[in-house]
Amino acid sequence: MIGSGVVRDVMTKGVLALRVTPRTMGESLLLRVEGRLTVATAPTFHSAIASALHSNARTLVIDLREVTDIDARGIGALVKAHLLGQQHNRSIRFLIRNGHVAHLIRLANLNEALTLLEEAGESVPQGESGMPHHLQGSHADGPPYAHGDQS
């Protein structure tokens, strides 16, 4: 089960295409997503979300700050994660930084439907857990993150 610390990797031609690393934080579970969230890797992402929803976590924070490429299937996977969270009565939050991923989410008009935690600056203070201080525990309020569209 992903909640117990199983890392999921997808390799393409010997290169890491996607890595999903879980980290339990009290009643929350942080899923750090690194690499490409595309048609080739979306099934692995979906599998990680499904496993996380079987954990005891009440909130899933999906950290997309290290996603280097995302396509329409990747955006669809984010929507699917959001819908699965609703079906399981879990809060799903997406941690993003201003850039390609944020732009595509806005372009798809999903910035109002998805709960976004947007990084306002380049440096993010992190606790021992590796999770930003403002996201530790079950609260995700205050700087350097802002909810929703900041344009």
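Every number in this text was worked out from the coordinates using simple rules, so none of it is lab data. Since this is a predicted model, take the numbers as computed values, not measurements. Because the Cβ atoms are built from the backbone with ideal geometry, glycine has one as well, and the counts that use them run over all protein chains shown.
Would a scan of the stretch 95-114 turn up a residue that is assigned to a loop (DSSP other than H, G, I, E, B), out of contact with any Cys (no Cβ under 8 Å at 6 or more places or on another chain) and of a type in the set (Asp, Glu)? Before you say what the answer is, go through the steps one by one.
First, pick out the residues of the stretch 95-114 that are assigned to a loop (DSSP other than H, G, I, E, B): 98-99, 108-114.
Then drop every residue that is not out of contact with any Cys (no Cβ under 8 Å at 6 or more places or on another chain), which leaves 98-99, 108-114.
Then drop every residue that is not of a type in the set (Asp, Glu), which leaves 112.
Looking for residues that are assigned to a loop (DSSP other than H, G, I, E, B), out of contact with any Cys (no Cβ under 8 Å at 6 or more places or on another chain) and of a type in the set (Asp, Glu), one finds at least one in the stretch 95-114, hence yes.
Among the residues of the stretch 19-45, how many are within 11 Å of GLY74 (Cβ to Cβ) and touching a helix residue (DSSP H, G or I) at 6+ places or on another chain (Cβ under 6 Å)?
So the count comes out to 5.
Considering only the stretch 18-33, state which residues are surrounded by fewer than 19 Cβ atoms within 10 Å (Cβ to Cβ) and under 13 Å from the mean Cα position of the chain (by Cα).
Matches in the stretch 18-33: ARG19, ARG23.
For the stretch 60-93, give me the residue count where each residue is over 14 Å from the mean Cα position of the chain (by Cα) and of a type in the set (S, T, N, Q).
Summing the residues that are over 14 Å from the mean Cα position of the chain (by Cα) and of a type in the set (S, T, N, Q) in the stretch 60-93 gives 3.
Regarding the stretch 24-32, can at least one residue be identified that is farther than 19 Å from GLU119 by Cβ, of a type outside the set (Ser, Thr, Tyr) and in contact with a strand residue (DSSP E or B) (Cβ under 8 Å, 6 or more places away or on another chain)? Reasoning before the result, please.
So the first thing to find is which residues in the stretch 24-32 are farther than 19 Å from GLU119 by Cβ, and the list is 24, 26-27, 29.
Then keep just the ones that are of a type outside the set (Ser, Thr, Tyr); that gives 26-27, 29.
Imposing the further condition that a residue be in contact with a strand residue (DSSP E or B) (Cβ under 8 Å, 6 or more places away or on another chain) reduces the set to 27, 29.
Yes; the residues of the stretch 24-32 include at least one that is farther than 19 Å from GLU119 by Cβ, of a type outside the set (Ser, Thr, Tyr) and in contact with a strand residue (DSSP E or B) (Cβ under 8 Å, 6 or more places away or on another chain).
Tell me which residues, restricted to the stretch 33-62, are touching a residue at least 40 places away in the same chain (Cβ under 8 Å) and outside any helix (DSSP H, G or I).
LEU37, HIS54, SER55, ASN56, ALA57, ARG58, THR59, VAL61
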